[in-house]
Amino acid sequence: MSRTEIIKPFDPWKSPLCTCPSKYSLNPYTDCSHHCIYCYSTYIPNFYKLRLKKNLLRRVEKDLSKIPEKSLISMSNSSDPYPPLEKKMGLTRRILELLKYSGHKLLIVTKSNLLARDVDVISELNAAVSISITTLDREKASKLEPNAPDPAKRVEALKKLHSEGIPCILRFDPIIPGLTEDEIGRIVEECSFVSHVVSSTLKLRFDSLKRMIENFPELEYYRQLYGKERIQNSFYLPKNYRIELLERVKDACESYGISYAFCREGIPFKAKSCDGSHLIAD
């Protein structure tokens, strides 16, 4: 493959726990303005300051012609393709228009209800959509994800896309111990119309651990809870605790006949893909 500029092979830090299929990563924006306090990418300097990419559309169009036919593209991974600025700039929508004629498969991953604005274009693509929901509690969400859209609006966006026949995925990520774990059944029930659920427990770095405790002082015990298992640069919950939480996701999904998978957990699942890309037709 010729060298590309914007569309790059997906490589989550070469994690030994990654079960993603082979795919490419496309981030229309650099960094992210949602300001989620648990974010794992804030080790990147100025990550909360959203930036535009020079000549983005021209470079994306060029890259689309270089990658193999019918490639799977994930948009986005480290940033969100639908930040508030997208309402004004429309860069993600224009990329979707380019993808209509590319023949590639697309998995859209976002934390924004703005995705529903583009249902007309997405319905013409070979695509699936994945919306992240961490909590349905507005007060908790305002602290955890201060600049992200209201969770109820995200659920409504998923419903709209589902009603148009677009394969929909709930990204229930992260499950936060002692804070949102009591919502597992409720969140799966609220989104029981989706075709797939991908879930993950909270993983922390030094900076995100500090932010979590600053915003939720009752989580001071995280210093001990997360002090025993480190995989690459992230601190994990003890495996037995992770299994307990994800078993509850599994049980809830099975009660509704929904396929499910776990992201970077090292815990087996039966779905055809972890990210839900198996829902996209070949």
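Annotations for the structure displayed:
- Scanning the range 213-228 for residues that are modelled with pLDDT under 95 and out of contact with any Gly (no Cβ under 9 Å at 6 or more places or on another chain) turns up at least one hit.
- Enumeration of residues in the range 44-59 that are assigned to a loop (DSSP other than H, G, I, E, B), at pLDDT 85 or above and surrounded by 17 or more Cβ atoms within 10 Å (Cβ to Cβ): Leu50
- Being among the polar types (S, T, N, Q), in contact (Cβ under 8 Å) with a residue 40 or more places away in the chain and assigned to a helix (DSSP H, G or I) is a property that holds for Ser208.
- Those residues of the range 134-156 which are of a type in the set (A, V, I, L, M, F, W, C) and surrounded by fewer than 23 Cβ atoms within 10 Å (Cβ to Cβ), in sequence order: Leu136, Ala141, Ala152, Val155
- Screening Val119, Val188 for residues that are surrounded by fewer than 22 Cβ atoms within 10 Å (Cβ to Cβ) and at pLDDT 95 or above leaves exactly one candidate, Val119.
- Taken together, Ser15, Ser41, Ser74 contain a single residue that is touching a residue at least 40 places away in the same chain (Cβ under 8 Å), assigned to a loop (DSSP other than H, G, I, E, B) and of a type in the set (Gly, Ala, Ser), which is Ser15.
- Check on Ser74, among the small types (Gly, Ala, Ser) and either closer than 25 Å to Leu279 by Cβ or touching an Asp or Glu at 6+ places or on another chain (Cβ under 7 Å) (or both): yes
- Scanning the range 245-269 for residues that are within 19 Å of the chain's Cα centre (by Cα) and either under 15 Å from Cys191 (Cα atoms) or among the charged types (D, E, K, R) (or both) gives Val249, Lys250, Cys253, Ile258, Ser259, Tyr260, Arg264, Glu265.
- Members of the range 161-180 found to be surrounded by fewer than 16 Cβ atoms within 10 Å (Cβ to Cβ) and either charged (D, E, K, R) or in a helix (DSSP H, G or I) (or both), listed by number: Ser163, Glu164
- Just one of the listed residues (Tyr226, Tyr260) is without any contact (Cβ under 8 Å) to a residue 60 or more places away in the chain and among the aromatic types (Phe, Trp, Tyr), namely Tyr226.
- Sole exception among (1) in a loop (DSSP other than H, G, I, E, B); (2) surrounded by 18 or more Cβ atoms within 10 Å (Cβ to Cβ); (3) in contact with a helix residue (DSSP H, G or I) (Cβ under 7 Å, 6 or more places away or on another chain) for Pro21, by number: (2)
- Condition broken by Lys272, with the remaining ones in (1) under 29 Å from Ala128 (Cβ atoms); (2) assigned to a loop (DSSP other than H, G, I, E, B); (3) free of Cβ contacts under 8 Å to residues at least 12 places away in the same chain satisfied: (3)
- Test: residue in the range 45-61 that is closer than 24 Å to Gly103 by Cα and free of Cβ contacts under 8 Å to residues at least 24 places away in the same chain: yes
- Lone qualifier among Glu220, Glu190 - being among the acidic types (Asp, Glu) and touching a residue at least 40 places away in the same chain (Cβ under 8 Å): Glu190
- Residue within the range 94-108 that is in a helix (DSSP H, G or I), touching a Pro at 6+ places or on another chain (Cβ under 8 Å) and either under 28 Å from His196 (Cβ atoms) or β-branched (Val, Ile, Thr) (or both) present: yes
- Residue list for the range 19-57, filter: within 21 Å of Glu265 (Cβ to Cβ) and in contact with a Cys (Cβ under 9 Å, 6 or more places away or on another chain): Thr19, Cys20, Pro21, Cys39, Ser41
The values are calculated or read from the model by the stated rules, or taken from the named source; none is laboratory data. In this text, all values refer to a predicted model and were calculated from it rather than measured experimentally. Reconstructed Cβ throughout: ideal geometry from the backbone, glycine too, with neighbour counts over all protein chains shown.
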